[in-house]
Every structure is written in C-alpha cells, then in structure tokens.
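The values are calculated or read from the model by the stated rules, or taken from the named source; none is laboratory data. The structure displayed is predicted, hence computed values, not measured ones. Note that each Cβ is placed from the backbone with ideal geometry, even for glycine, and that neighbours are counted across all protein chains shown.
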C-alpha cells in the first residue's frame, strides 16, 4: 500500500514548485550542516601536535656547569626511585636478596622486614638510580617492583671541586656553592655556566693537598690557584673534601661541608710581611737597602716581640722579608703608623670579605682597638684573621704590577679587567724581588722549582686557642707563591692546619707548606703553558761567552 | 535539470568534505609521526646527556692518572724534560755528550 506524502508530490505545478523549493531548502540545510562540520573538522587544532619535548624535561632542564675547557662538572639527568609493593610479592625476602646483589649498600635485613610487611602497598627502596641501574633491576624480572622518574643533578667527577660546585636540593634549587649563587641563571637553562676552574689544575691541587695533609698529619688544609691578571680562580680546594652527589646525606656540622678557602678565617702569620713592607715602601717610609737592628729584644708596650731564629745585628729590608723577621717588620710598621697600615691593608682588600662568587664568604676578624702592640702584631699577620681567598686576592696585587685583583669563579674572556692601583708598580716590583730572594736564599728554598722562578713567602702562625692565647704545639702553616717571578702570571696559596710532621722535619711552613706548593707548581705549570726557563749550563773549560754565542746562533 | 544540479552539487560537496576528512586525518597522522620523532629526539638527547655524564665520570683525572701510572708507567714531566724549540739543538748536543761520557766511562 502506497503512502501519500502531500508535500513530496509533484503532480500539481504549484505543489511541484513548492515541493522543489522545500527540497532545495532541505538539501541546502543538510549541505550547510555538512559543510560546517567539514569546516570545523578542518580547522580544529590537532591534539597530536602537542610537543613531547617539554614533557620530557629536556627543554627546560637546569643548565650544566663546565670548567674553562668545557669539561662537564655538573649536569641534570633523569634518575629513578625504586619502590616496591609488598602485596604484589610472593616472597619479600627473595626480592630483597636479588636487590642486594645490585645494591650491596642496602641493609638486607631491614629491607626483608619492609618488603614482607603485607599491610603496605608502597615502600621506598632506593632513590637516585641511574638508567643503567634501572635496567639492571628491570632485567631481574622481580614482582611488585616499580620505578618513579625524578629530577637528578649529577656530579660525574665526584669530589672534584665539590666545595665550589655546592649541591641542589630535592626541589631543584641550588643550596650551596655556585649552584646556589647562580641558581636563577642555571634554572633558566640554556648554555652551560662556564667556571674559571681548570679541572686538571683542580685535580692536582686536591690530590697534592690531600697527600700533604696525610704526610704531615694535619687536621685540615686549603689551597687556591689564581691567574693574577684576570683574578680567575683556576683551582680551589678544601680538605677534607666533599662529594656533591652525597651532599644532602651529610650532617650540617660535618667538617667536610666547610669550604675553608672562603668560610674560615685564619691568622696567617708571616705571609703578611710583604704587604706591610709594600705599604711602607709605597709611603716612602723605607727603602729596600735600609737596615734595621733586629738583634732584639724588642718590646712594644711591655710585650716582647721575638724572632724564631735570632739575628745578631742589623739586616736590610729585603732580608727582613727573606729571613722573615718579626722584629724588623714590627719596627717598620711602627715607623709607618697604624693609620697608614690600616689604609693600605684596607686598599688591598684585607678588611672586607672576598668578592668571590660564593655565598657566605667570611668577614675578617680585626683587632678591636688600635694599639701599638696590635699594629706590631698585625704587621706580621697575628691578631688579624682573614680567609685564604681574601688574602690571596690582596697578595695578587704584588704580581699584577700594583693593581688590585678581584677574584672570580667565572670564565669570561670578554670581561674587562683592570683593578684599582693600590701600590706603585715600582713597589710591587721591589717586593717581588724580595719574594724571589726568599725562595733562592731565605726560608722557602724548597720552593725553588727549577725553571719556574717561584717567588713567595712562608707563614708559620701559632694557632689561637678558643680559650684565649696561642697554642705552643699547633700552628697554621702557609706558603703564598707567585710564578714566574720575572713575568708573574699565577698566585698559589697553600695552608695546612696543625701539621704534625716528624720531629726531624719540623712543623714549620718551610718544611710542610713550601714543599707541597713546590710539588703543585711543578705539576700545574706545564698544564698552564708556563715554559720552564734555565740559565745556560756552564761546562768545565767552556767560557760563558761561548755558550752565549751558541744560544744566539740558534 | 534542477534535480541533476542538486545531485551534482551534493556530490561535489560530499567529495569536498571527504577530501577535508582525508586531509585532516593525513595531517593528524603526520602530526603523530612528528610527535613520535620528537619523542625519539628527546629520548636520544636524554641518552646523549647520560652518556656525556658517564664519559665525564669514566674519564675523570684520578682514573686516568691511575691507569697512566699503573699500566703505562707514566709520571709527571720534570721541568728539565722540557726543551724550548730555540734550544733544541744544544739540548740534543748536550744529551749526546752526556751519553758519550756515560758510554766512555
């Protein structure tokens, strides 16, 4: 039976026209809907176009830290935390035994207890797994084991420059060292942060400092190597060392956490003498060939000042430095006066914390009230405590033709260098010659590394006691060196806290810090491109003029 | 005539929409392939960083020095073992003389 639909009928012309119009409108509507759907489909954004790079954390990862030669010191890697669900394990003890084969440091019994506790569904087993360790665990095919991806900061060289690098907390923020100081820069990602450190020089400094602490049975040690024209620190070490990978596991009071180069102050003793002499020379109070009676006794306000090795009469200013006379330096400081000494020491930077880019740089401890005796003791480095970094910054002015040097941990070849003039270039030159004489004929002959023309000054300072006064058995031994002395480029400071060497060798800096520094210089000088230079060897029967002409022909 | 026109128009629009669908799905497939390649790149970048860290760890100075000393018998050079180019000839002559003395002795 046919069904008649009136509005679809085409029998009548009028009806047909109406029907055609209706059909047209209907089709138009359908096409419009289809066209809108097609258009929306064509224009809607594709869900698959979302970038996965940001999801993996690659784009916004914390920037690396590298040394001046591009060697990787700190990097961000994906680590994994290993977790277990005891409810999914048939035998927790078996799982624990297998895991201990890969991680022997795990406490097996404690792990068995935790993995056998069926009331728990999520037990933390170990954090900080590398991808390789994760794969090893994965290949064991253990039941109830889970991995969780986490942020990780890795220091692939372990203890190397640990104090300088600092560490990063669980939330990804730097909490010490350059990780803390340059946190914003590192969080921004991008190009690596280039430090002034040279990983090879750093390694030599750390290993030889550690060897010295062992050889001389010292309580602690510190060392710095710095380029004297730019102030760039090439190496900075503090003993005991610290591995930044384990920083957060170490107690706050642990001595390993103390960077002795910037966060500890020391009375450094006689290494201050060249700076006192420089102040007096610059003020034209003395001349290098002036002589002073240092035979003693010399009393200042009733306090006796003495020398370790008594002198029989008068010696020159140059000999006061090379033979390290306390009496001679105190007499010169007395002539100079406290105000002028303070002014010079302040200009050298000894009265303020080091400007190095590490948080928490210690401020110096200065005499509370100016007095004649404090002026005398300050002149040879007692009664004034500074950080090794602050001292080396001041000392470097001698090698930089009298211009101040600002220590830095950043390698920025484009940076403009040029400090303030804190002493005349002539004064710096004169003091440098005295420091060279200290090595060739004075208290630091063991530092005369052949070919490298080392200049320097020893310091053996009695160690202050917490209860007041000074220890008779413990000292701070230091040696501040500059090389090569005719064209100064590098300054080195080595400090040993309470060396307790064998009786026959003594505990003084001459027998401890000096040979340590010599060993370090002999190893790092070739790395730094310093060419050894020797005087031509005089052979028996061959006049010096012949050797000279032989050289000129080459 | 109008019916033919409608059918033709319908066919054209249908083909256009079908083409849009095709284009859309092709674009989606391309985007998925692109995302997959990006994921591969990200994974390889991560792997590269891990390898760099591992390389740095394995080539650290203490390891190299230990190997150089124990396996190769190397020690740090002494200053007198360096010779400047302008002194090379005299150094060779001196070395030859020293050896001559040793041999003769």
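If you scan segment B:64-99, which residues turn out to be assigned to a helix (DSSP H, G or I) and modelled with pLDDT of 90 or more?
Pass one, segment B:64-99, residues assigned to a helix (DSSP H, G or I): B:64-70, B:79-81, B:85-99.
Residues satisfying the conditions are B:64, B:65, B:66, B:67, B:68, B:69, B:70.
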Checklist outcome for this item: Taking segment B:17-31 and the residues there that are at the interface with chain A (Cβ under 7 Å from one of its Cβ atoms) and either within 16 Å of residue A:31 (Cβ to Cβ) or not in a helix (DSSP H, G or I) (or both), the one that is farthest from the chain's Cα centre (by Cα) would be B:17
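Take segment A:110-134 and flag every residue that is in a helix (DSSP H, G or I) and closer than 21 Å to residue A:153 by Cβ. Quick ask: steps written out before the conclusion?
Within segment A:110-134, the subset in a helix (DSSP H, G or I) is A:110-115, A:131-134.
Across segment A:110-134, the qualifying residues are A:131, A:132, A:133, A:134.
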Next on the checklist: For the condition modelled with pLDDT of 85 or more and assigned to a helix (DSSP H, G or I), what is the one hit in B:9, B:35?
Outcome noted: B:35
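Can you tell me how many residues in segment A:478-503 are part of a strand (DSSP E or B), within 28 Å of residue A:433 (Cβ to Cβ) and in contact (Cβ under 8 Å) with a residue 60 or more places away in the chain? Full working, then the answer.
In the first step, residues of segment A:478-503 are kept if they are part of a strand (DSSP E or B); the result is A:478-483, A:490-497.
Right, trim to within 28 Å of residue A:433 (Cβ to Cβ) and you get A:478-483, A:490-496.
With the extra rule that they be in contact (Cβ under 8 Å) with a residue 60 or more places away in the chain, the set shrinks to A:478-480, A:482, A:490-496.
Selection size over segment A:478-503: 11.
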Next on the checklist: With the requirement that a residue be under 27 Å from the mean Cα position of the chain (by Cα) and surrounded by fewer than 24 Cβ atoms within 10 Å (Cβ to Cβ), what does segment A:475-489 give you?
Outcome noted: A:484, A:485, A:487, A:488, A:489
Checklist entry - Can you pull out the residues in segment B:64-74 that are at negative phi and more than 10 Å from chain A (Cβ to nearest Cβ)? => result B:66, B:67, B:68, B:69, B:70, B:71, B:72, B:74
Checklist entry - Which condition does residue A:109 not pass, out of (1) at pLDDT 90 or above; (2) in contact with a strand residue (DSSP E or B) (Cβ under 9 Å, 6 or more places away or on another chain), if it passes all the others? => result (2)
Next on the checklist: Considering only residues that are in a loop (DSSP other than H, G, I, E, B) and farther than 19 Å from residue A:262 by Cβ, which ones fall in segment A:324-366?
Outcome noted: A:324, A:325, A:337
Checklist entry - If residue A:434 satisfies every condition in (1) surrounded by 19 or more Cβ atoms within 10 Å (Cβ to Cβ); (2) in contact with a helix residue (DSSP H, G or I) (Cβ under 6 Å, 6 or more places away or on another chain); (3) in a loop (DSSP other than H, G, I, E, B) but one, which is the exception? => result (3)
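Taking the criterion of being closer than 30 Å to residue B:58 by Cα, at pLDDT below 90 and within 11 Å of chain B (Cβ to nearest Cβ), would at least one residue in segment A:8-22 satisfy it?
We begin by selecting, within segment A:8-22, every residue closer than 30 Å to residue B:58 by Cα; these are none.
Checked against the condition, which is being closer than 30 Å to residue B:58 by Cα, at pLDDT below 90 and within 11 Å of chain B (Cβ to nearest Cβ), segment A:8-22 yields no hits at all.
Quick one: in segment A:419-449, of everything that is within 14 Å of chain B (Cβ to nearest Cβ) and under 27 Å from the mean Cα position of the chain (by Cα), which residue is farthest from residue A:280 (Cα to Cα)?
Of segment A:419-449, the ones within 14 Å of chain B (Cβ to nearest Cβ) are A:447-449.
Still in the list and also under 27 Å from the mean Cα position of the chain (by Cα): A:447, A:449.
Numbers: A:447: 27, A:449: 30 Å.
Filtering segment A:419-449 for residues that are within 14 Å of chain B (Cβ to nearest Cβ) and under 27 Å from the mean Cα position of the chain (by Cα), the one farthest from residue A:280 (Cα to Cα) comes out as A:449.
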Next on the checklist: All but one of (1) in contact (Cβ under 8 Å) with a residue 12 or more places away in the chain; (2) farther than 27 Å from residue A:360 by Cβ hold for residue A:405; state the number of the condition that does not hold.
Outcome noted: (2)
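Which ones in segment A:231-246 are assigned to a loop (DSSP other than H, G, I, E, B) and under 14 Å from residue A:357 (Cα atoms)?
So in segment A:231-246, the residues assigned to a loop (DSSP other than H, G, I, E, B) come out as A:231, A:240-243.
Matches in segment A:231-246: A:231 only.
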Checklist outcome for this item: If we keep only residues of segment A:449-477 that are in contact (Cβ under 8 Å) with a residue 24 or more places away in the chain and part of a loop (DSSP other than H, G, I, E, B), then the residue nearest to residue A:325 (Cα to Cα) is A:454
Next on the checklist: With the structure loaded, tell me whether residue A:222 is farther than 30 Å from residue A:79 by Cα and assigned to a helix (DSSP H, G or I) or whether it fails that test.
Outcome noted: no
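Given the criteria in a helix (DSSP H, G or I) and facing chain A (nearest Cβ under 7 Å), does residue B:46 qualify? Walk me through how you get there before you give the answer.
Working: in a helix (DSSP H, G or I): yes; facing chain A (nearest Cβ under 7 Å): yes.
Against the criterion (in a helix (DSSP H, G or I) and facing chain A (nearest Cβ under 7 Å)), residue B:46 qualifies.
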Next on the checklist: Out of the residues in segment A:504-522 meeting the condition of being surrounded by fewer than 24 Cβ atoms within 10 Å (Cβ to Cβ) and not in a helix (DSSP H, G or I), tell me which one is modelled with the highest pLDDT.
Outcome noted: A:508
Next on the checklist: Among the residues of segment A:373-382, are any within 26 Å of residue A:232 (Cα to Cα), in contact (Cβ under 8 Å) with a residue 40 or more places away in the chain and not in a helix (DSSP H, G or I)?
Outcome noted: yes
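For segment A:80-88, check the following and say yes or no: at least one residue is touching a helix residue (DSSP H, G or I) at 6+ places or on another chain (Cβ under 7 Å), within 14 Å of chain B (Cβ to nearest Cβ) and under 30 Å from residue A:162 (Cβ atoms).
Start the filter on segment A:80-88 by keeping residues that are touching a helix residue (DSSP H, G or I) at 6+ places or on another chain (Cβ under 7 Å), which leaves A:80, A:82, A:84, A:86.
Now narrow it down to the ones that are within 14 Å of chain B (Cβ to nearest Cβ): A:80.
Still in the list and also under 30 Å from residue A:162 (Cβ atoms): A:80.
Checking segment A:80-88: at least one residue is touching a helix residue (DSSP H, G or I) at 6+ places or on another chain (Cβ under 7 Å), within 14 Å of chain B (Cβ to nearest Cβ) and under 30 Å from residue A:162 (Cβ atoms).
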Checklist entry - Quick one: is residue A:71 surrounded by 20 or more Cβ atoms within 10 Å (Cβ to Cβ), within 14 Å of chain B (Cβ to nearest Cβ) and under 30 Å from residue A:194 (Cβ atoms)? => result yes
